[in-house]
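Colleague: Could you have a look at this structure, given as structure tokens, before my questions?
The values are calculated or read from the model by the stated rules, or taken from the named source; none is laboratory data. In this text the structure is predicted, and so the values were computed from the model without any measurement. Note: ideal-geometry Cβ built from the backbone for every residue, glycine included; neighbour counts use all protein chains shown. Side chains included, ligands, DNA and RNA excluded: accessible areas come from the protein's heavy atoms. Shrake-Rupley method; radii C 1.70, N 1.55, O 1.52, S 1.80 Å.
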Amino acid sequence: MPARRPSTGQRAPGPGAGIALILVVALALAYVVTVRQADDNAPGPRVALPPRTPTSVTTTTADPDPGRTGPGVHVQVSPRDNGSLDVLEQVRFPGASTGLQIALPEVKGAVAGALPGIPRITDLEVFADGNRLPEQAGSLSTGGRVLLPGAPLVVELRYRLTGAATVSAPSTPGRALVLLPPIAADDSLSTLPVVVEVDGPGVRNLVCPGLAPYDQLCGRQGPSGWRTVSLLPRVTAVLAQVDLASY
């Protein structure tokens, strides 16, 4: 019987060859991953990646006009020639309130020579959510609690502060230090910002002596007068250096 000539064609690979190929690829990928992890853990210079942009939402922007457009206290002061002050104090609570504690202005940080005798709160008018309240029972000349029927969010105090000026001596005639409000002293306002504005041609500067030395010049002059930076209530006296015509 004649011998069979060898076939010149290729046999199609069987299913076993495909499985073997998959195993080879998987082993190769596992090797690459292992080497990459070893390189990442190895000592030596690393390529610096750009920092991620923070995405925290805990940072807030301070309201530029507390007491008016946001919670806090805004005080508008007009000095008179005799050193008394006409004051409009606007209070915006973080939530409805049934009362407001008031007190004489803070004196923290002021030296004895800059302190007046005992100022007095006079001619007090209270407006709650735009409505004028009946006159408060009892004297509030040195402080007390103002009752707020209807639990308003916004309160206006209109009053005169007398006895707040101390004549500077020796100094320019008529030069005085004037203790400024606010008089709002409620616990619910303790973490809210306060801004004090003073108008009038005789105002020369604002000082907050209870702050750190580099923060004590706390006033900024604008077209309509002087304005403090945003302060926390009851942490410092606010003093204005004023030229008073009647002294």
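Colleague: Write out, first by first residue and then by second, each pair whose Cβ atoms fall under 8 Å of each other, whose residues are 6+ apart or on separate chains, and whose first residue, in segment 131-152, is farther than 14 Å from residue 102 by Cβ while the second is part of a loop (DSSP other than H, G, I, E, B) and open to solvent by less than 60 Å² (accessible area, probe 1.4 Å).
Modeller: 149/133; 151/97; 152/93; 152/97
Colleague: Could you list, ordered by first residue, the pairs with Cβ atoms under 9 Å in which the first is in segment 226-242 and within 15 Å of residue 115 (Cβ to Cβ) and the second is crowded, with 22+ Cβ neighbours inside 10 Å and among the charged types (D, E, K, R), at least 6 apart or interchain?
Modeller: Listed pairs, sorted by first residue: 236/106; 237/106; 238/106.
Colleague: Additional query: Please work out which residue is least open to solvent (accessible area, probe 1.4 Å), limiting yourself to segment 115-130 and to residues that are charged (D, E, K, R) and free of Cβ contacts under 8 Å to residues at least 40 places away in the same chain.
Modeller: Among those residues, the one meeting the criterion is 125.
Colleague: Any residue at all in segment 22-40 that's at pLDDT 50 or above and at negative phi?
Modeller: The initial filter retains those residues of segment 22-40 that are at pLDDT 50 or above, namely none.
Within segment 22-40 (the criterion being at pLDDT 50 or above and at negative phi), the answer is no, since none of the residues qualifies.
Colleague: List every residue pair whose Cβ atoms lie under 8 Å apart, where the two residues are 6 or more positions apart in sequence or sit on different chains, the first residue falls within segment 201-217 and is under 14 Å from residue 237 (Cβ atoms) and part of a loop (DSSP other than H, G, I, E, B), and the second residue, located anywhere, is open to solvent by 50 Å² or more (accessible area, probe 1.4 Å) and among the polar types (S, T, N, Q).
Modeller: Taking only residues 6 or more apart or on different chains, the pairs are 208/216; 209/216.
Colleague: Scan segment 97-113 for residues that are in contact (Cβ under 8 Å) with a residue 24 or more places away in the chain and under 30 Å from residue 243 (Cβ atoms) and jot them down.
Modeller: 102, 103, 104, 105, 106, 107, 108, 109, 110, 111, 113
Colleague: Report yes if residue 154 is open to solvent by 30 Å² or more (accessible area, probe 1.4 Å), hydrophobic (A, V, I, L, M, F, W, C) and touching a Lys or Arg at 6+ places or on another chain (Cβ under 6 Å), otherwise no.
Modeller: yes
Colleague: Could you list, in sequence order, all residues of segment 65-83 that are open to solvent by less than 10 Å² (accessible area, probe 1.4 Å) and not in a strand (DSSP E or B)? Even if it seems obvious, please write down each step before you answer.
Modeller: At the first step, the residues of segment 65-83 found to be open to solvent by less than 10 Å² (accessible area, probe 1.4 Å) are 66-67, 70, 72-75, 77, 83.
Scanning segment 65-83 gives 67, 83.
Colleague: Can you give me the number of residues within segment 202-227 that are touching a Ser or Thr at 6+ places or on another chain (Cβ under 8 Å) and open to solvent by 60 Å² or more (accessible area, probe 1.4 Å)?
Modeller: Summing the residues that are touching a Ser or Thr at 6+ places or on another chain (Cβ under 8 Å) and open to solvent by 60 Å² or more (accessible area, probe 1.4 Å) in segment 202-227 gives 1.
Colleague: Out of 190, 97, I need the residue that is more than 30 Å from residue 222 (Cα to Cα) and small (Gly, Ala, Ser). Which one? Break it down into steps so the answer makes sense when it comes.
Modeller: Working: 190 fails: more than 30 Å from residue 222 (Cα to Cα).
After ruling out the rest, the residue left standing is 97.
Colleague: Right, another one. Have a look at 141, 246, 188, 168 and point out the one that is open to solvent by 20 Å² or more (accessible area, probe 1.4 Å), modelled with pLDDT of 90 or more, of a type in the set (Gly, Ala, Ser) and over 27 Å from the mean Cα position of the chain (by Cα).
Modeller: Details: 246 fails: modelled with pLDDT of 90 or more; 188 fails: over 27 Å from the mean Cα position of the chain (by Cα); 168 fails: modelled with pLDDT of 90 or more.
Exactly one of 141, 246, 188, 168 is open to solvent by 20 Å² or more (accessible area, probe 1.4 Å), modelled with pLDDT of 90 or more, of a type in the set (Gly, Ala, Ser) and over 27 Å from the mean Cα position of the chain (by Cα), namely 141.
Colleague: Where in segment 110-174 are there strands (runs of 3 or more DSSP E), lying wholly inside it, with at least 3 residues that are not β-branched (Val, Ile, Thr)?
Modeller: Counting at least 3 such residues, we get 120-128, 143-147, 154-162.
Colleague: Pairs please, first residue from segment 67-96 and on the phi > 0 side of the Ramachandran plot, second anywhere and outside any strand (DSSP E or B), Cβ atoms under 7 Å, 6+ apart in sequence or on different chains.
Modeller: Sorted first by the residue in segment 67-96, then by its partner, the pairs are 72/63; 72/192; 72/193; 83/164; 83/244.
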